[in-house]
């Protein structure tokens, strides 16, 4: 689902940021895939790009044109990643985010101005707004994960 040529034409849309429970997916615990197509300007070609997604509940894996650029298992943490310059080319690019929520509210939430792409903090491209999404595996009824530590 992360590959840029994957067809998402039958996916629904959701305005982000926001919890998916507040957007019509009441009491859903599980996996939701989000996708957004963006236009990369010519002057960004072969430059490191910073992506800021705001907060995500709970876990996430982030892809840029099918390449994983980051993952985080810390619930409600801000997501900041660097898209390596070798991957950045002018034109259409696809961001894909796999979000897994285990309990309570899930989604990509926070302030709209925190969702953006930029080069060294300049010329930001907003990522807030309409994203395509597809709900996947439901974890309802499955006990939450237990973390074990070694003695």
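Things worth noting here:
- Verdict on residue 47 being within 21 Å of residue 126 (Cβ to Cβ), touching a residue at least 60 places away in the same chain (Cβ under 8 Å) and over 11 Å from the mean Cα position of the chain (by Cα): yes
- Tallying residues that are at pLDDT below 95 and within 20 Å of residue 124 (Cβ to Cβ) within region 57-89 yields 3.
- Cβ-Cβ distances below 6 Å connect the following pairs, each with a first residue in region 68-79 that is in contact (Cβ under 8 Å) with a residue 12 or more places away in the chain, a second residue that is surrounded by 13 or more Cβ atoms within 10 Å (Cβ to Cβ) and not in a strand (DSSP E or B), and a separation of six or more residues or different chains: 75/58.
- Positions within region 92-112 being touching a helix residue (DSSP H, G or I) at 6+ places or on another chain (Cβ under 9 Å) and either free of Cβ contacts under 8 Å to residues at least 60 places away in the same chain or exposed (fewer than 15 other Cβ atoms within 10 Å of the Cβ) (or both), in sequence order: 104
- Members of region 113-151 that are surrounded by fewer than 14 Cβ atoms within 10 Å (Cβ to Cβ), at pLDDT 95 or above and touching a strand residue (DSSP E or B) at 6+ places or on another chain (Cβ under 6 Å): 126, 130
The values are calculated or read from the model by the stated rules, or taken from the named source; none is laboratory data. In this text the structure is predicted, and so the values were computed from the model without any measurement. Every residue, glycine as well, gets a Cβ built from its backbone with ideal geometry; the counts of neighbours run over all protein chains shown.
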